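FYI, it's all coordinate maths here, none of it is from the lab. Quantities reported herein were computed from a predicted structural model and do not represent experimental measurements. Heads up, the Cβs are rebuilt from the backbone with ideal geometry, glycines too, and the neighbour counts pull from every protein chain shown.
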Amino acid sequence: MKTRLGQGILVALYRRPSYSPLQHRINDTAVLDETVSHLAAKGWDVVTTNEAEVEQGRIPGGRLYLNMCQGPLASEYLLPLENDGALIVNKASSVLHCHRHRMARLLQESRVAFPETLIIQSSDPAHERDRRLDFCGRHPRVWVKRGDVHAERPEDVVSVASGSVSGIMASFAARGVPWVAIQEHVPGPVIKFYGIRDGSYFRWYPAERRAGPFEGLVGSGTLRGLAFEAAAVLGLDVFGGDAVLPSPDRPVLIDMNDWPSFAALRSEAAPAIATYVDHRANPGESE
């Protein structure tokens, strides 16, 4: 590996813990730690900060930003940097696109295979009730998910009979969650996948297989195509997601995440992310 001296300042923006529920709190920090370590070895000077600081507008200057912030306020503060041409992975705009009320709209407007999804206010206002009743009348079982950021706790994503939706919506409203996503249930095994925008890295494994190793796992063309098409629609560089397989050759995307933890794949993903980011910062150069 060639080390370039004086690469400049890399600013690592760590995710707010509330956006990393359960074991993801440790894993989200770990994948950014390891990615930063690989980039430091390539000659980058590292500055770290966290989402709470970004939300106060306190953003260090740098040549490169590794962004794991997920909240809307942090993203709003990062947008001017993005608009000024700063190299940010992932871009604030792509993070905002992954908030479920935006993601559902963008994916349903695209050619990506994605379940029918209704975004509705959790307060269940009278003027939207007919749409909810029509949707639930066509889908006897649905998923109800918080409609803004990703899940913060288990009850943020629940599978229920359609007749129970109004009660679930009320619980979201009581917690101050403004939007819910009501999504049709697609039967089949769930696949977890992870990728990097340039195609240099892509892995998948069955969701029920939660412990490694994952030897020989290579994404099929259809799954890979689905994942990268969705990432392009949302503008993501580093991404992960979930797909369900109603049939082996017809994956359907059910969720997409900006910069996931990569969990058991972290040791191979972190250097791949670092290489991708370094190439973005130094186009035309090789290791």
Q: Send over the semi-axes of the chain's equivalent ellipsoid, whole angstrom and largest first, taken as the square roots of 5 times the C-alpha gyration tensor eigenvalues.
A: 34, 22, 16
**Q.** Residue order, fewest to most surrounding Cβ atoms within 10 angstrom, among 26, 191, 59
**A.** 26, 59, 191
Q | Karplus-derived 3J(HN,Hα), 6.51/-1.76/1.60, for each residue of the range 140-146, Hz, glycine and proline x | A | x, 10, 9, 9, 10, 10, 4
Q. For 132, 224, 15, 175, what's the fewest-to-most ordering of other Cβ within 10 Å of each Cβ?
A. 175, 224, 132, 15
Q | Alpha-carbon centroid distance for the pair the range 232-287 / the range 19-98, whole angstrom | A | 16 Å
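Test of the criteria: in the range 23-83, which GluC sites (Glu not before Pro) are in a DSSP loop and have at most 12 other Cβ atoms within 10 angstrom of their Cβ? If you can, show how the numbers build up before the last one.
Details: sites: 34, 51, 53, 55, 76, 82; in loops: none.
Hits after loop and neighbour filter: nothing returned.
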Q. Shape call for the range 116-184 from the C-alpha gyration tensor, a ≥ b ≥ c root eigenvalues: rounded (a/c under 1.5), prolate (a/b greater than b/c) or oblate?
A. oblate
(Q) If you filter the range 92-159 for GluC sites (Glu not before Pro), then keep DSSP loop positions with at most 14 other Cβ within 10 Å, what is left? (A) 109, 116
Q: Apply 1/(1 + (r/R0)^6) to the Cβ-Cβ distance of residue 155 and residue 25, taking R0 = 25 Å, and write down the FRET efficiency to the nearest 0.05.
A: 0.90
Q: Indicate the gyration tensor shape class of the range 1-83 (rounded, prolate or oblate), computed on the Cα atoms with a ≥ b ≥ c the square roots of the eigenvalues: a/c under 1.5 is rounded; otherwise a/b larger than b/c is prolate and the rest oblate.
A: oblate
